Amino acid sequence: MLPDKPENVKCPACGKRQKRTGMVSGNSVGARHYTDGKVIAPMLPEIPRFVKCPKCGVFYKIDELVTRGWARKSAPEVAFLSAGECAEAIDDGLYNAEKHGSKEWREDIILLRLEMWRAFNDRIRDGYEPHGDEMRSDMPCSGVERALYESNCRKLISLLEEHDGVHACLIRAELFRNLGQFDDSARELKKIRMYSEHEEYENCIAVMGNACDEGYTLTVQL
Ligand SMILES: [Zn+2]
């Protein structure tokens, strides 16, 4: 794993500078894959795409207009948004985003909703081992957070309704399972077999199918 020179990230609203450090090279050794599509690769870490300015508080998308030149090493590293911050970013809008209703805006909303979903699921990725009745229970979160999690899952399903392909089916299947709608999840898993590349996903389909049969709603490591 070889870190790149840190990129300069400049808030488009107030000019506050942060840095984002990517990788020149990395690999997938030790990568963990999950049913919600998240991959945690220690030798190739993800880098944030949406951030909150620590000075003025606006949410913005990191694109070529905010990353000009190399950053000072002493600048603070950009952080991933928490689930709650993703919700705020959706409500407040991104400072440098396209207009409400444009194609790019719709894509950003889908990406922010996927990030929120996976940020909630992060709570069960490390060290959470449900047992007994807990097998059917939810991730550790408050009632308000649970309502946000569920409404986000439903909104994502409807936003992805029009999308075709294996990945859209897999994500819808996982979202339905997370909501406890096991028949709808199984229906999406069946649809994947219409696509020629389904063989690459047989392991994932089997794991998700078994989880549905057992009435298990949480994200599973593959
Ligand atoms: Zn700012």
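Computed values, structure above
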{"quantity": "Selection count where residues are assigned to a loop (DSSP other than H, G, I, E, B) and either of a type outside the set (S, T, N, Q) or loosely packed, with under 13 Cβ neighbours inside 10 Å (or both), scope the range 69-91", "calculated": "11"}
{"quantity": "Test: residue in the range 178-199 that is modelled with pLDDT of 85 or more and closer than 19 Å to ALA83 by Cα", "calculated": "yes"}
{"quantity": "Residue list for the range 42-59, filter: among the hydrophobic types (A, V, I, L, M, F, W, C) and part of a loop (DSSP other than H, G, I, E, B)", "calculated": "MET43, LEU44, ILE47, CYS53, CYS56, VAL58"}
{"quantity": "Count of the range 1-50 residues which are more than 25 Å from LEU94 (Cβ to Cβ) and of a type in the set (D, E, K, R)", "calculated": "2"}
{"quantity": "VAL66 vs. criteria crowded, with 19+ Cβ neighbours inside 10 Å and in contact (Cβ under 8 Å) with a residue 60 or more places away in the chain", "calculated": "no"}
{"quantity": "Residue match in the range 168-181 (condition: buried (at least 16 other Cβ atoms within 10 Å of the Cβ), over 19 Å from the mean Cα position of the chain (by Cα) and closer than 19 Å to ARG118 by Cα)", "calculated": "yes"}
{"quantity": "Selected residue (criterion: surrounded by the most Cβ atoms within 10 Å (Cβ to Cβ)) from residues of the range 1-41 that are part of a loop (DSSP other than H, G, I, E, B) and within 16 Å of the ligand (Cβ to nearest atom)", "calculated": "CYS11"}
{"quantity": "Residue that is aliphatic (A, V, I, L, M), under 22 Å from LYS155 (Cβ atoms), in a loop (DSSP other than H, G, I, E, B) and within 16 Å of the ligand (Cβ to nearest atom), where the choices are LEU94, LEU65", "calculated": "LEU94"}
{"quantity": "Complete set of residues in the range 55-67 that are within 20 Å of ILE90 (Cβ to Cβ) and not hydroxyl-bearing (Ser, Thr, Tyr)", "calculated": "CYS56, GLY57, VAL58, PHE59, LYS61, ILE62, ASP63, VAL66"}
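The values are calculated or read from the model by the stated rules, or taken from the named source; none is laboratory data. Computed from a predicted structure; not experimentally measured. With ideal geometry, Cβ positions are generated from the backbone for all residues, glycine too; neighbour counts draw on all protein chains shown.
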